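> Before we start, here is the structure in question, set down as structure tokens.
The values are calculated or read from the model by the stated rules, or taken from the named source; none is laboratory data. Note that the structure is a prediction, hence the values are computed from the model and not measured. Every residue, glycine among them, receives a Cβ derived from its backbone with ideal geometry; neighbour counts consider all protein chains shown. Accessible surface is based on the protein model in full, side chains and every heavy atom, while ligands, DNA and RNA are left aside. Shrake-Rupley method; radii C 1.70, N 1.55, O 1.52, S 1.80 Å.
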Amino acid sequence: MKWLRISSALTGIAACSLVLAQVAPHAREAGAILAAQDDPAAMSELKLDAALAKDDHLVQDNIEAALTAGDADLADSFVALARDRNVALPDDLLSRVGDAVKAENSSSHFAKRFATGLVTGNADDVASLSGTVAGDLFVIGDIRDVVREGKHLAMGEDTDRLVLGLATAGLAVTAVTYVSAGGAAPVRAGLTLVKDARKVGRLGEGLAAWAGRSAREVVDTPMLQNAVAKGSVFRPGETASAIKAAFRVEKAGALVRLGKDVTRVAEKTGTRGAMDSLRIAEGPKDVARAARLAEAQGSKTRAIMKVLGRGALLLVGGAFDLTLWLLGAALTLFGLLSSIKATTERLTQAWCDRRRARRLRRAQIAAEAALADAALTA
């Protein structure tokens, strides 16, 4: 029975050691991710390590997909990621990416996209954003958007209140930009990007809902309707002044912060990187996290967001699973230590029992010898 108890304790040690060897790497990874959950740059690095370990062709496949989709900027972002992670890429693939980037940055392409952004007010790259911002800085773009959406509102038609509010806010910020000699230009560019993302359907649902509520707060609807009814794109100065009067500056703090964060992303990753962050963001805090990620990762940010999605910014539904790994490792470690303790105690008890038995046998032999000597003497 004694040796059975020792054997069971040793079996517990072996079983717990085996389980712990399997659980420990997952628990270590889970602990690192949970510890880095407030640092999007560090957390994305850890998640990216896991993604690259699972798929050796992840970077190359994404580059091919980006080139097929005509997104040279994203392909170049993956090249930067490969360079940072020492991932080998075929020379012909690198050459194709270089040619695509060169073509996208050519003067003719830039001029064409600038004109598109200026005329349509939609931006998806640096050139078209430059045209869009130029149009908004000259108030033409914002007046066009306010007049169009404002007339929809006045006639009871479907109105994009988010575009309406952002355009109204943009007019007010544009005035500040002129007064401050460009000091408010980053906010102006950020608000334009949010507005463009909304127009082309690349604004996350949660962020769109939040921005829509914020936009409603900064607009005095009756005053705006009156300004739109009397305004015209052909009288930009007069119309802009009337529209700006409907803007509630004291309510615009949240939108201004959003505009600044979007601009921080665009400065490090380009216009498309900012658009990507707006697409996966569910609120202004996500955009602020994206700005921190972009400042840390630079040109690699688009590739990281493409691979990880919103998971590049924060833990998405994984905290419970990660906690289970840590709990499982803790329980297994407790079982191992308990088995070691039980084994030690049982081996020690067996050793003590054996020594006690030996002493008893020696004492018994000595007593028998003493009796024998007494019998002979008698």
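> When residues of region 255-276 are filtered for being open to solvent by 10 Å² or more (accessible area, probe 1.4 Å) and either over 21 Å from V307 (Cβ atoms) or not in a helix (DSSP H, G or I) (or both), how many remain?
Within region 255-276, the first condition is being open to solvent by 10 Å² or more (accessible area, probe 1.4 Å), and the residues that meet it are 256-257, 260-261, 263-264, 266-270, 272, 276.
The next check asks that each one be either over 21 Å from V307 (Cβ atoms) or not in a helix (DSSP H, G or I) (or both); those that pass are 256-257, 260-261, 263-264, 267, 270.
Matching residues across region 255-276 total 8.
> Being on the phi > 0 side of the Ramachandran plot, modelled with pLDDT under 55 and open to solvent by 20 Å² or more (accessible area, probe 1.4 Å): is that true of A181 here?
On the way: on the phi > 0 side of the Ramachandran plot: yes; modelled with pLDDT under 55: yes; open to solvent by 20 Å² or more (accessible area, probe 1.4 Å): yes.
The answer is yes for A181.
> Further, regarding this structure: Just to be sure before I move on: is F110 under 22 Å from K306 (Cβ atoms) and either buried (at least 20 other Cβ atoms within 10 Å of the Cβ) or at pLDDT below 80 (or both) in the structure I sent? Lay out the reasoning, then the answer.
On the way: under 22 Å from K306 (Cβ atoms): no; either buried (at least 20 other Cβ atoms within 10 Å of the Cβ) or at pLDDT below 80 (or both): yes.
Considered against the rule, which asks whether it is under 22 Å from K306 (Cβ atoms) and either buried (at least 20 other Cβ atoms within 10 Å of the Cβ) or at pLDDT below 80 (or both), F110 comes out as no.
> What's the total number of residues in region 265-292 that are hydroxyl-bearing (S, T, Y) and within 10 Å of L313 (Cβ to Cβ)? Give the steps one after another, and end with the answer.
Applying the first criterion (hydroxyl-bearing (S, T, Y)) to region 265-292 yields 269, 271, 277.
Checking which are within 10 Å of L313 (Cβ to Cβ) leaves us with 277.
The qualifying residues number 1.
> Can you pull out every residue in region 277-290 that is free of Cβ contacts under 8 Å to residues at least 40 places away in the same chain and crowded, with 24+ Cβ neighbours inside 10 Å? Working first, answer last.
Residues of region 277-290 free of Cβ contacts under 8 Å to residues at least 40 places away in the same chain: 277, 285, 288.
The one that is free of Cβ contacts under 8 Å to residues at least 40 places away in the same chain and crowded, with 24+ Cβ neighbours inside 10 Å: S277.
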